[in-house]
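Down below is the structure, laid out as structure tokens.
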Amino acid sequence: MSEQSADRQQEPRRRAARLFGEAAEPSAPKPVRAAPEAPRSLRGAAAVVGLEAALIAVGALVLLWLTLTSTPDSLPRAIAEVVAIGAGAAVLGVAALGLSRVAAWARGPVIVLQLILAALGYTTAFEAQRPLVGVPVLVMVAAVLYLLATPESRLAYLERDTER
């Protein structure tokens, strides 16, 4: 009787193995890869982008306060503008963290947002005649684009790509 009960216990396992395959062997653990050290210029660019993100977030909060304490022509449109500015600040903040970690995905959004900020800074400084606001924006944009274009920043990304 013990032989029959032993056969019955193994039979469902064989049927399951036949239907679904044998259990997989555990995979080898991934090798620990050292995170690349961000060069000084890339850390500087990350710091300036982080400062931009903080200043834009403060601007979004001021705009929200002005929207809530006044009577805008269209409240939904004004709230949408605050949300868009806040989203831009969040993207810049996350991208600043990515730059400090030499993440390849961070360069694209930073460069695109710097170009948008350059256009806004130029318009504010010269066409709206508010140089006290527009010129510092243009200086920060120029600093970020210069720091990202330095040879050591570009090499940090090339070295990261060749490690893969």
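Determine whether segment 150-157 contains at least one residue that is aliphatic (A, V, I, L, M), at pLDDT below 95 and under 24 Å from Val102 (Cβ atoms).
Among the residues of segment 150-157, at least one is aliphatic (A, V, I, L, M), at pLDDT below 95 and under 24 Å from Val102 (Cβ atoms), which makes the answer yes.
Within segment 20-28, can one find any residue that is at pLDDT below 95 and touching a helix residue (DSSP H, G or I) at 6+ places or on another chain (Cβ under 7 Å)?
No - not one qualifying residue is present in segment 20-28.
Using beta carbons and a limit of 6 Å, which pairs, at least six apart or on different chains, have the first residue in segment 39-52 and at negative phi and the second one acidic (Asp, Glu)?
Every condition considered, the pairs that remain are Pro39/Glu152; Ser41/Glu152.
The values are calculated or read from the model by the stated rules, or taken from the named source; none is laboratory data. Predicted model only: the values in this text are computed from it and were never measured. All Cβ positions, even for glycine, are placed from backbone atoms using ideal geometry, and neighbour counts span all protein chains on display.
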